[in-house]
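To keep things clear, I will list the structure first and then write my remarks on it.
Laboratory data are not the source of any read-out in this text; all were calculated from the coordinates shown. All values derive from a computational prediction rather than experimental measurement. Positions of Cβ are generated from backbone atoms using ideal geometry, with glycine treated the same way; all protein chains shown enter the neighbour counts.
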Amino acid sequence: MDFLRNLGDIGLFIHAMIDAIIFPIPALFSQLSLSALSPDRAIWLATIGFVGCLIGTPIGYGIGKVSGNLVLTKIMKKKWYDSATTLFTKHGEAAILVGAFTPIPFKIFTILSGCMSYPLWKLLSYAALGRAVKFYTVGILFYVYGRAAEHMVDGVLTIILLSVGALIGGIWLTVRLIKNRKKKRAEVPVLQGPKDSTDVTAGEE
């Protein structure tokens, strides 16, 4: 951490990139330290972290594609691995969004996406949304409040992330329900088709 912090902007970029691959400590810590030193550059630092994360995401995905199960079982407890796998299998998009802007290690979801052959473009899309919320929330707080944000970031960040998470989760569930209803409606004529055909044939006989 000290080595990365001393590298300044480059260190934050590297930290954000490897945070999406294998590094155990979230890039948020580097962002907080550098933003506290230079609040006027907080938005720029958020951009550096955001870009670094997006570049690291497909690398983590590639690791998962090649040997993800082996890697995940080494860095995670079995019960965490089983829980994450179950969550991802049932709610892939929601799991990525949750991992993207909460303290849950994001690397778990990048590697798991590769393991399960989840579409890379979807992973990048949801990662971009979630990580943008996380990086830029911190950046804006420091830019607006200066070093005072260092003492308020935990509480405010938690509230904002939970609020955004609830909003995104609500939208996601609503869209999912609408899709399921449309799918069921589309299946009804298909199921009734053979029955109608049989009745007509019987009538002709």
Pairs from 65/107; 65/134; 90/183; 107/134 whose Cα-Cα separation, in the structure shown, is over 20 Å: 65/134
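Order 175-181, 22-28 from most to least packed using the mean count of other Cβ atoms within 10 Å. It would help to have the intermediate numbers written out before the result.
Values: 175-181: 10.6, 22-28: 17.4.
Going by the mean number of other Cβ atoms within 10 Å, highest first, we get 22-28, 175-181.
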What FRET efficiency comes out for the pair residue 150/residue 90, r = Cβ-Cβ distance, R0 = 45 Å, nearest 0.05? 0.75
Where labels lie 7 Å past Cα in the beta-carbon direction, separation of residue 185 and residue 43 in nm: 4.3 nm
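Once fully extended, how much extra length lies between residue 171 and residue 125, figured as 0.36 nm per residue of separation less the alpha-carbon to alpha-carbon distance?
Numbers: separation 46, 0.36 × 46 = 16.56 nm, distance 1.57 nm.
Value of the extension gain: 15.0 nm.
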